[in-house]
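Heads up: the structure comes next, in structure tokens.
The values are calculated or read from the model by the stated rules, or taken from the named source; none is laboratory data. Everything quoted here is computed from the prediction, not taken from an experiment. Methodologically, a virtual Cβ is constructed for each residue, glycine included, from the backbone with ideal geometry; neighbour enumeration extends over all protein chains shown. Only protein heavy atoms, including side chains, enter the accessible area calculation; ligands, DNA and RNA are left aside. Shrake-Rupley method; radii C 1.70, N 1.55, O 1.52, S 1.80 Å.
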Amino acid sequence: MAVLVHPFHISYCQTDIRPESHRLEIAIKLFTDDLEIGIQKELGTNPHLATAQQTADAEALVARFLKQHLVFSPDGKPVPLTFIGFETKMDVVWCYLESDQMPAFTTLKVKNDLLISQFEDQNNIVQLTLNGKTKGLTLNSGNTSGVIQRW
């Protein structure tokens, strides 16, 4: 497999709050090679995503890595996230998580420090959609968490 080099490091996290279930539905887009580097440096193994050598524990490794770096806290109380799975498309990985039912909240604190310890120029874009309206944050090494006011 050819190694693709890209000039920037970014993740995109689309989070939808479903009014009917009061759950967060999270989709995260990462460059495959960046995610592998993060997992290898932090967990000591390369899952070889999207290759014939993909390890049997690749899903568990991705889930563990994401849960270490992504926290959603309505009114300051972290909610557990369940890893649903991932899929690879070209040179990116889409990862999916969801929360349990959340209580009503006025603020949502988001911590997203994915790959920041691996890449000093890493930016993590977080978009939160509720009732058809979207708010966003850009998180990086200088600011790994932010607060979104409910609207």
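Estimated from the Cβ-Cβ distance and a Förster radius of 25 angstrom, the FRET efficiency linking Ser145 and His22 is about 0.65. Sorting the Cα pairs of the chain by distance into bins of 5 Å, from 0 upward, gives 2, 9, 20, 23, 20, 13, 8, 4, 1, 0 percent per bin. Scanning residues 5 or more positions from Val92 or on other chains, those with amide H under 5 Å from its amide H are Thr32, with H placed 1.01 Å from N in the peptide plane.
Can you give the FRET efficiency to the nearest 0.05 for Gln54 and Thr106, using r as the Cβ-Cβ distance and R₀ = 35 Å? Efficiency, from the Cβ-Cβ distance: 0.25. Surface analysis of the chain yields an accessible area of 52 Å² per residue, using protein heavy atoms and a 1.4 Å probe.
Of the solvent-accessible surface of the chain, computed with a 1.4 Å probe over protein heavy atoms with every protein chain present, carbon and sulfur atoms account for 52 percent. Taking the DSSP bridge list for the chain and keeping only pairs wholly inside it, about 85 percent are antiparallel. Counting lysine pairs in the chain whose alpha carbons fall under 22 angstrom apart, excluding pairs fewer than 8 residues apart on the same chain, gives 20.
Helices in the chain, meaning DSSP H runs of at least 4 residues, each add -39500 (n - 2.57). Divided by all residues, the mean residue ellipticity at 222 nm is -5000 deg cm²/dmol.
Residues considered: Ser21, Ser141, Ser99. Largest GNM mean-square fluctuation over the chain, using C-alpha springs under 10 Å, is found at Ser21.
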